[in-house]
1. Using 0.36 nm per residue of separation minus the Cα-Cα distance, give me the extension gain between residue 20 and residue 110 in nm, one decimal.
2. Each residue of the range 57-63 in order: what ³J(HN,Hα) in whole Hz does its phi give by Karplus 6.51 cos²θ - 1.76 cosθ + 1.60, θ = phi - 60°, with x for Gly and Pro?
3. Where the only charges are on Cβ atoms (+1 Lys, Arg; -1 Asp, Glu), what is the dipole of the range 61-107 about its Cα centre, to the nearest 20 debye?
4. Normalized C-alpha radius of gyration of the chain, against 2.2 N^0.38 Å?
5. Between residue 3 and residue 89, how many nm apart are label points set 7 Å from Cα along the C-beta direction?
6. Counting only Cα atoms, I'd like the Rg/Rh figure for the range 20-85, Kirkwood definition for Rh.
7. Compute the length gained on full extension between residue 70 and residue 12: take 0.36 nm times their separation in residues and subtract their Cα-Cα distance, giving the result in nm to one decimal.
8. Quick one: dipole size for the chain, taken about the Cα centre, charges +1 on Lys/Arg Cβ and -1 on Asp/Glu Cβ, in debye to the nearest 20.
Amino acid sequence: MARKGDTTLLDYVDQGVAVDMANQDGNTFLMLAAYSGHVELAQGLIARGADVNKLNDRGQSPLAGVVFKKEDALIDVLLNAGADPTSGTPDAISTAKMFERDDLVEKMSK
């Protein structure tokens, strides 16, 4: 549901499913939704307390994931929700540098 952007997932969370539930790779609903470009679902998960800095089993953060996927709208959503651009390996700033996104490096370095 998270990968597909199905906002019905929010109803499940409202009924008690853990908002930070993770799959076998440690990817939370937020990581999967954000990585797949689903702004509305990501915002809904964040509003329900999703941890914007929770790393998956490979040490990747949702913010670094959306930088990698070039999901600029989600970069702003995560930053506004308190995502730490220095969290994870590689972190979001390093990922932005790798893709020569100086605009993002500047935004995340403030």
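1. 29.7 nm
2. Once rounded to whole Hz, the list reads 5, 9, x, 9, 9, x, 5.
3. Working: 5 positive and 9 negative charges, 29 e Å.
The calculated dipole for the range 61-107 is roughly 140 debye.
4. This ratio for the chain stands at 1.00.
5. Taking the two extended label points, one gets 2.6 nm.
6. A ratio of 0.90.
7. Full-extension gain reported as 18.0 nm.
8. Dipole about the Cα centre, nearest 20: 140 debye.
Computed from the coordinates by the stated procedures, all read-outs in this text should not be read as laboratory data. In this text the structure is predicted, and so the values were computed from the model without any measurement. Neighbour counts are summed over all protein chains in view; Cβ atoms, including those assigned to glycine, are modelled from backbone coordinates with ideal geometry.
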